[in-house]
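The values are calculated or read from the model by the stated rules, or taken from the named source; none is laboratory data. No experiment lies behind these values; they were computed from the predicted model shown. Here the Cβ positions follow ideal geometry from the backbone for every residue, glycine too, while neighbour counts run over all protein chains shown. Accessible surface is based on the protein model in full, side chains and every heavy atom, while ligands, DNA and RNA are left aside. Shrake-Rupley method; radii C 1.70, N 1.55, O 1.52, S 1.80 Å.
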Amino acid sequence: MRALMILPMAMALGGCFSQLLDAKPMHFTCGPRLEYHMQTFQPSPLFKQLQRDAGFDEGTIDALAGPVGASLDDGDGKDDAIIGALRAAAARHSAKAIGTGPKTLMLSGGGSWGAFGAGFLRDKGIRDWAVVTGISTGSLQSLFVAAGDYDRMVREYGITRQEDLALTNSLFGAVRKGSEYDLAPLRRKLMDYLLPATGELPFERMMKPGSPELFIGMVEARSGDMKVVAVSAMVRQVYSGTAPPDRAKVAALAECVAGVALASSSIPVRLSPVQIDQRTYFDGGVRSSVFDAAVARRQDIASKSLGAPPELYVIRNGPTIVFRDAKEEKRGRETDRYAVDAKPHVLRVGMRGYSTIVNQSELMSIAALRLSYPRGQIFVMTADGFNNAAVNPVPCGPRPGEVFNAKFMDCLIRWGSHKAKAPSLPWIELDQLLLENR
């Protein structure tokens, strides 16, 4: 009887609670330019094989049709955006460096760990990227790399307080707004960068000869598909006339590009949800920490005419391990037991499980590159070792309750800079696979 009384009360409360859960996303407008320059990221042949029997109400999706190993074009013989960009880059590159392949830079997600990549990229000195792809914090970095603004990138990651990038919502605010943190400050900083009141615009620098082709990945919420946005092509369309575009056109472009970058960075529940033209998108890292195997295969196709295989470089904006849990504290003193063992409540166990899942996904995204690109060169740099005592004498790390910690990010910038300059800390070159004909 008591259960029968509780049920309608719970249903009534559920109705009220669902109204509270109406999120307040950040809205951006792109219009037709986004659809024109956005493509669905195609699954690898292995994914296609695994999904062979998948049926959908709308019928068989084109991406799943066809035999394993089918061509990567869009079905009518035309290159997709990335293949086209790589073919052009390969041709330019071969003219100036016979026997070497074009370089693709892949920037991973990682939130505040992006400070490591900023410090590393500024001081490593490599500038001849043919293609740059970005996911999450890597999408923000990619804007600076495409414009050649390495010093500015480090300055933007060198915050003085968390509020420079994000505002903390209260518990009620998190429920009402749909996220733990509000990225309004980051949106303002990004717009200030893309559309400064004076001086040369980053879009103008992206159009200079030799600038890399830029692609950003995000996930469309309603379909779950990874979407790849050809940002450089979008910029070229606006700057295609003989006269410079007017301020209104550049402002519209800046809003669209900012929306794409912030959508790619929108960790579900944690950071502000993003809608572009009333369609919801979120962090591309939900699908892949970097643009995975398909990019390697595209690069291989694009550079068949070269005398050497292409080179892939991956910045892992974060560690490669799951850090040990904190020790239990009693009366302000640390004990010998780990907290997750002493008090395995749902939040602590859930967060440990989440961090382990994320770590596995990030490593698999990078490892998957090798599966479909077995013999080419793949170089990886990670933030591992960031608490090296010679570089960061005072141990630093993520601070519970903050998504962006200024001291931690400063440590990461220093460590990235050190890794870039230290000959004893070279890129990790992934072993090539030995394939036998059977």
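Our summary of shape: the Cα atoms of the range 190-258 have principal axis extents of 39, 25, 19 Å, ordered from largest down, in whole angstrom. Across the cross-link table entries K103/K208; K103/K189; K24/K189, which are compared at the Cα atoms, the separations over 25 Å belong to K103/K189.
Hey, can you find the accessible area per residue of the range 354-438 for me, probe 1.4 Å, expressed in square angstrom?
Value returned for the range 354-438: 58 Å² of accessible area per residue.
Relative to its Kirkwood radius, the Cα radius of gyration of the range 314-422 gives an Rg/Rh of 1.04. Once the Cβ-Cβ distance of A251 and I321 is raised to the sixth power relative to R0 = 30 Å, the FRET efficiency obtained is 0.10.
Carbon and sulfur: what percent of the range 342-381's accessible surface (1.4 Å probe)? Let's see the in-between values first.
Details: 1610 of 2260 Å².
Within the range 342-381, the accessible surface is 71 percent carbon and sulfur.
Could you order peptides 203-209, 257-263 by the average number of other Cβ atoms within 10 Å of their residues, highest first? The partial results should precede the final answer.
Values: 203-209: 15.1, 257-263: 27.0.
Descending packing order for the listed peptides: 257-263, 203-209.
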